[in-house]
Amino acid sequence: GHTEYPKICPAVIVAIRKGDKLLMSRYARGAYRRYALIAGYVEVGETFEECVRREVMEEVGLKVKNIRYYKSQPWGYDSDLLLGYFCELAEEHKIELDETELSLAEWIDYKDVPDDPEGLSLTREMMQTFREKKKREHEELS
């Protein structure tokens with residue numbers, strides 16, 4: 001007769017595009033030192049798209065547009081539900097890094113997005129999707 005309500009924490013993963021470049025970051029804390037995308041938890045009463053805008057502004061001081069849902073991934077390690085979004089830089093502006101969250105954020109050309117042979121995370125899949133799409137676009141132009 002015991003009822004249990006599992007805790008689910010929705011979070012967004014954000015791939016910000018600027019032409020042939022993708023904004024990639026590194027976390028300021030923790031053991032994970034590879035490239036990541038902007039990410040954060042959704043606040044109560046906030047839509048996922050509002051969360052995308054807020055997290056990007058808080059972490060790198062940029063405005064985004066054309067926010068498009070990509071896909072989701074349950075992340076059982078933390079009871080998280082990750083929702084991936086692609087968007088574009090809305091206006092050219094200097095990156096203003098939140099150093100409590102990130103140690104680095106920089107625009108990386110699609111050709112330099114690193115491979116990920118494991119491909120376990122939504123973040124890695126989104127990076128590879130961006131790289132492969134841009135590669136196909138450039139091959140079609142050639």
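The values are calculated or read from the model by the stated rules, or taken from the named source; none is laboratory data. Here the structure is a predicted model, which means the values were calculated and not measured. Reconstructed Cβ throughout: ideal geometry from the backbone, glycine too, with neighbour counts over all protein chains shown. For the accessible areas, the whole protein counts, side chains as well, though only heavy atoms, and no ligand, DNA or RNA atoms are used. Shrake-Rupley method; radii C 1.70, N 1.55, O 1.52, S 1.80 Å.
Summary of computed values
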{"quantity": "Test set (1) open to solvent by 70 Å² or more (accessible area, probe 1.4 Å); (2) within 24 Å of residue 104 (Cβ to Cβ) - residue 44 fails condition number", "calculated": "(2)"}
{"quantity": "Residues of the stretch 103-132 satisfying the condition of being part of a helix (DSSP H, G or I) and open to solvent by less than 100 Å² (accessible area, probe 1.4 Å)", "calculated": "110, 122, 123, 124, 125, 126, 127, 128, 129, 130, 131, 132"}
{"quantity": "Matching residues, the stretch 73-90, being of a type in the set (Ser, Thr, Tyr) and open to solvent by less than 90 Å² (accessible area, probe 1.4 Å)", "calculated": "79, 85"}
{"quantity": "Qualifying residue in the stretch 70-81 (condition: under 14 Å from the mean Cα position of the chain (by Cα), modelled with pLDDT of 95 or more, of a type outside the set (Ser, Thr, Tyr) and more than 19 Å from residue 121 (Cα to Cα))", "calculated": "no"}
{"quantity": "Residue ID - farthest from residue 19 (Cα to Cα), chosen from residues in the stretch 87-102 that are touching a helix residue (DSSP H, G or I) at 6+ places or on another chain (Cβ under 7 Å) and in a strand (DSSP E or B)", "calculated": "102"}
{"quantity": "Qualifying residue in the stretch 48-60 (condition: within 27 Å of residue 117 (Cα to Cα) and not small (Gly, Ala, Ser))", "calculated": "no"}
{"quantity": "Complete set of residues in the stretch 114-140 that are touching a residue at least 60 places away in the same chain (Cβ under 8 Å), more than 11 Å from residue 20 (Cα to Cα) and among the hydrophobic types (A, V, I, L, M, F, W, C)", "calculated": "122, 126, 127"}
{"quantity": "Filtered residues of the stretch 31-41 (kept if open to solvent by 20 Å² or more (accessible area, probe 1.4 Å) and not small (Gly, Ala, Ser))", "calculated": "32, 33, 34, 35, 41"}
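Table: residues versus (1) closer than 11 Å to residue 14 by Cβ; (2) open to solvent by less than 90 Å² (accessible area, probe 1.4 Å); (3) of a type in the set (Gly, Ala, Ser).
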residue	(1), (2), (3)
49	yes, yes, no
58	no, no, no
67	yes, yes, no
71	no, yes, no
92	no, no, no
101	no, yes, no
139	no, no, no
